[in-house]
Every structure is written in C-alpha cells, then in structure tokens.
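One structure below.
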Amino acid sequence: MAVNAKTYSQKPSEVTRRWILIDASSAPLGRVSTVIAKYLIGKYKPTYTAHIDGGDYVVVINAAQAVVTGAKETDKKYYRHSGFPGGISDESLSEVRTKYPERIIEAAVKGMIPRNKLAAERLKRLRVFPGEAHTHTAQTPEKVEVK
C-alpha cells in the first residue's frame with residue numbers, strides 16, 4: 001500500500017462525456033431506469049466525484065414500448081397538479097403511454113436521481129424518443145445492453 005496515496009477529486013475541467021444509447025423495450029422499466037441513472041450520474045466511472053457532475057449523455061429509444069410487469073399498465077398512476085386548488089389530475093400508465101410515452105422513462109429516472117443541486121443538469125442530458133428513430137446519430141452514441 002502506498003504511504004503517500006492521495007484521494008482523487010475530479011475537477012469540472014477534467015470531465016469527459018460519452019453518448020450512450022439504450023433501448024427501453026429490452027428490459028423492464030425499473031431495470032432500464034437504474035442503468036440510465038447510473039450513466040447520467042457517472043457513478044460507474046473511476047473518476048467519480050460526488051460534488052462534480054461527471055455523467056454522460058443518454059439517448060433512450062422505444063419509450064412507447066417500455067416493458068412493465070404485473071398490473072402496472074392499469075394500476076400505476078401518474079399525478080400532475082395545475083397549481084390551482086383542486087387542480088390535481090391523474091392518468092394511468094396506459095393513458096400516458098398513448099399521449100406522452102417519453103414521460104414514463106423521464107418520471108422513472110427522475111425518481112432514481114439524487115435530489116440535489118446537480119439533479120436538473122443531469123436530467124437535461126437525458127433524451128427520450130418514443131420510437132426507433134432519434135436525432136442524435138451525429139454524436140454516434142454507443143449502444144448499451146440492459147440485462
């Protein structure tokens with residue numbers, strides 16, 4: 001063991017970001033969301049530093065075909081509030097899937113990101129597309145398999 005070993009702390013100028021492509025129809029929603037959150041936070045990197053946002057860009061395709069188990073298709077509810085008294089509204093997973101399939105992935109990942117000052121910046125790097133086509137082919141994202 002080295003006597004003069006120093007703890008490494010990454011600086012914002014040393015951050016390198018990759019582009020990751022994940023297919024949401026390959027595994028259940030929770031499993032896909034944990035993998036997405038891991039890449040957004042950058043916790044898999046050996047240079048991970050808790051107070052520095054060192055995560056990657058994540059492109060998610062096939063959000064409309066997200067896999068859920070059990071009776072979640074009808075029982076899982078998504079809530080919104082207009083800000084006015086009595087302005088709460090809820091929709092089931094199947095209703096959200098038909099109108100805004102991106103929100104399924106976004107809500108699941110948002111729940112897995114730590115609630116701190118870095119959360120908003122991390123979620124900005126998440127790009128969700130309902131189908132197979134996406135607008136980030138120029139960035140050549142590398143495909144990651146979710147098991």
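Since every read-out is calculated from the coordinates, none of them should be taken as a lab result. Remember, predicted model here, so these are calculated numbers, not experimental data. Quick reminder, even Gly has a Cβ in these numbers, built from the backbone with ideal geometry, and neighbours come from all protein chains shown.
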Tell me the net charge near F129. Cut-off is 13 Å between Cβ atoms, F129 excluded, with +1 for each Lys or Arg and -1 for each Asp or Glu.
-2
The chain, relative contact order in percent, only Cα pairs under 8 angstrom and at least six apart counted
34
With every atom except the alpha carbons ignored, what do you get for Rg and Dmax of the chain, in angstroms?
17.7, 63
Compute the signed sum of charges (Lys and Arg +1, Asp and Glu -1) over the other residues within less than 14 Å, Cβ to Cβ, of Q65.
-3
Please state the shape class of the range 46-101: rounded when a/c is under 1.5, otherwise prolate if a/b exceeds b/c and oblate if not, all from the C-alpha gyration tensor.
oblate
Size of the dipole of the chain about the Cα centre, Lys and Arg at +1 and Asp and Glu at -1 on the beta carbon, nothing else charged, in debye to 20?
520
Relative contact order in percent for the range 26-97 (Cα pairs under 8 Å, 6+ apart) equals 25
What is the angle, in °, between the Cα long axis of helix 29-41 and the longest principal axis of the Cα atoms in the chain? Nearest 10 is fine, range 0 to 90.
40
For the range 13-26, in residue order, the Karplus 3J(HN,Hα) values (coefficients 6.51, -1.76, 1.60; θ = phi - 60°; whole Hz; Gly and Pro = x) are 6, 8, 6, 10, 10, 9, 10, 10, 10, 10, 8, 6, 8, 8
Ranking request for peptides 125-132, 6-13, 34-41: highest mean number of other beta-carbon atoms within 10 Å first, then the rest in descending order.
34-41, 125-132, 6-13
May I ask for the net charge around Y48, where only other residues with Cβ less than 15 Å from the Cβ of Y48 are counted and Lys, Arg are +1 while Asp, Glu are -1?
+4
DSSP bridge orientation in the range 41-147 - percent antiparallel, rounded to nearest 5
60
Would you list, by chain and number, the aspartates and glutamates whose Cα falls below 13 Å from the Cα of K11, excluding same-chain residues fewer than 8 positions away?
D53
